[in-house]
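See structure below.
Each reported figure results from applying straightforward, stated rules to the coordinates on display, with no laboratory input. Given the structure is predicted, the values throughout are model-derived calculations rather than measurements. When we count neighbours, we look across all protein chains shown, and the Cβ atoms used for this are built from the backbone with ideal geometry, even at glycine.
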Ligand code: AMP
């Protein structure tokens with residue numbers, strides 16, 4: 001099995017310009033991270049890039065801080081700038097795994113135009129399908145390290161003292177009763193927007209703003225729906241299967 005996927009991975013490695021779409025809690029971040037590691041490509045985590053701007057406290061961060069904790073999309077123009085700047089970095093030349101972008105039709109159109117102009121259009125858009133019941137269960141129990149981006153779940157994947165954090169590779173310790181990666185400055189805890197009201201808002205925003213982007217990629221013929229339920233490695237294999245069928249670009 002392993003062998004078969006290693007083979008498909010090498011066959012598609014040259015064309016991995018992929019975006020992962022799906023509602024909050026559908027596993028975009030986890031799967032993007034696995035893909036990025038498999039293909040040695042950057043994981044462009046939009047939410048993390050925006051939260052880093054907020055933490056830096058500059059003028060852009062101050063604007064973003066009005067939207068993110070409320071579960072609202074940040075203004076298209078700002079996010080487009082942040083992402084296009086990131087995609088121009090040298091490490092993204094060989095490909096990239098976009099996580100959480102585009103999340104609206106204007107963002108999709110701007111992304112397509114920029115990539116088309118650079119002669120490297122998106123090869124595939126993966127839509128992760130997860131039932132609403134599972135989304136709520138994942139989000140209400142999700143805890144994260146905001147610094148290294150590691151994601152855990154209090155029920156199904158709790159951060160355990162002594163465990164090595166899969167992202168920053170430092171041991172997890174208990175500090176003041178809270179788990180924390182040794183080299184990260186903040187504890188592993190709930191995200192500000194994983195409150196029930198903000199989750200409900202994000203799900204509404206997904207339907208209203210992101211579904212039009214999903215439909216756009218369906219019309220372009222590059223949208224692939226993947227069942228996002230079940231163990232992480234099973235979902236990952238489904239994604240690799242889909243990518244191995246994508247025609248070379
Ligand atoms: P995520 O980490 O992907 O769940 O994103 C967290 C939050 O960051 C979202 O609820 C939005 O407030 C903001 N955000 C992430 N991606 C985008 C995007 N493409 N456009 C606008 N806002 C975004």
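A few points about this structure:
- Relative pair counts by distance (%), Cα atoms of the chain, 5 Å bins: 1, 6, 13, 18, 20, 18, 14, 7, 3, 1, 0
- Per-peptide packing, taken as the mean over residues of other Cβ atoms within 10 Å, places 180-192, 26-38, 109-121 in the sequence 26-38, 180-192, 109-121 from highest down.
- Restricted to Cα atoms, the stretch 147-190 shows a radius of gyration and a Dmax of 9.1, 25 angstrom.
- Contact order for the stretch 147-190, expressed relative to its length and based on alpha carbon pairs under 8 Å spaced 6+ residues apart, stands at 29 percent.
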